[in-house]
Amino acid sequence: MITLFSSKKLVPLLGLLVLVGCEQKHDDLEQWVKEVEAKRPPPVKKLPEIVPYKGFDYAAMDKHSPFMKVVPEAIDTLVNLEDCAPDDPIPDVNRRKEPLEKVAIQTLSMVGSMEQRGEKTGIILDANTGIHHPVIKGQYLGLNHGKIVSLEETEIKLSEIIPNGKGCWESHIISLDLVQIKN
């Protein structure tokens with residue numbers, strides 16, 4: 001019992017010694033805090049005035065698109081679309097765009113192909129991002145409504161629909177050939 005009694009007194013005594021040993025002087029820190037608090041804060045700059053947004057109603061929807069190439073001798077036929085043949089291709093503007101349709105065809109290159117479960121797949125490299133994309137027949141890519149019509153081991157053929165400058169559209173075939181990537 002004597003050892004138990006003495007250990008009960010010893011524990012609080014040791015704790016008191018540890019706490020007394022931890023006390024440090026912080027005079028320099030307290031002086032710095034007083035100096036910082038005594039300084040006046042810099043004035044806050046006024047926020048710039050916000051100009052309210054003014055909407056603009058575009059009223060030239062029936063005019064010729066400024067982004068379409070115009071053939072000078074065809075200016076009179078731009079509003080007369082009867083000159084377009086009924087079998088001229090027309091891009092489907094209601095079709096949901098695919099991710100590779102935001103990329104110019106000049107920055108895409110075919111770097112490989114494979115076949116899975118009987119379906120041919122081409123591998124396209126986007127030079128802008130360095131990302132490889134798998135593509136299949138019927139998929140769209142490029143800025144001119146390019147649809148993959150043929151996919152071979154060494155070549156991908158696309159049918160692009162482009163404006164002809166007279167208000168009509170025409171189709172042409174382009175190809176992406178397999179390229180060797182240099183390491």
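Residue under question is Ser150, and the condition is that it be surrounded by 15 or more Cβ atoms within 10 Å (Cβ to Cβ) and in a strand (DSSP E or B); does it hold? Step through it out loud before you land on a result.
Values: surrounded by 15 or more Cβ atoms within 10 Å (Cβ to Cβ): no; in a strand (DSSP E or B): yes.
No.
Can you find even one residue in the range 116-139 that is of a type in the set (Asp, Glu), modelled with pLDDT of 90 or more and closer than 30 Å to Met61 by Cβ?
no
Does Glu170 qualify as being assigned to a strand (DSSP E or B), surrounded by fewer than 18 Cβ atoms within 10 Å (Cβ to Cβ) and among the charged types (D, E, K, R)? Can you show your working first?
Details: assigned to a strand (DSSP E or B): yes; surrounded by fewer than 18 Cβ atoms within 10 Å (Cβ to Cβ): yes; among the charged types (D, E, K, R): yes.
Answer is yes for this residue.
Name the one entry in Asp177, Asp88 that is closer than 30 Å to Asp62 by Cα and touching a strand residue (DSSP E or B) at 6+ places or on another chain (Cβ under 6 Å).
Numbers: Asp177 fails: closer than 30 Å to Asp62 by Cα.
After applying the criteria, what remains is Asp88.
I'd like to know if the range 137-146 contains one or more residues that are under 19 Å from Lys102 (Cβ atoms), surrounded by fewer than 13 Cβ atoms within 10 Å (Cβ to Cβ) and not aliphatic (A, V, I, L, M).
As a first pass, look at the range 137-146 and keep what is under 19 Å from Lys102 (Cβ atoms): 138-146.
With surrounded by fewer than 13 Cβ atoms within 10 Å (Cβ to Cβ) added as a condition, the list becomes 138.
Still in the running and not aliphatic (A, V, I, L, M): 138.
The answer is yes, given that some residue of the range 137-146 is under 19 Å from Lys102 (Cβ atoms), surrounded by fewer than 13 Cβ atoms within 10 Å (Cβ to Cβ) and not aliphatic (A, V, I, L, M).
The values are calculated or read from the model by the stated rules, or taken from the named source; none is laboratory data. What you see is a predicted model; the values in this text were computed from it and never measured. Cβ coordinates were reconstructed from backbone atoms using ideal geometry, including for glycine residues, and neighbour counts include every protein chain displayed.
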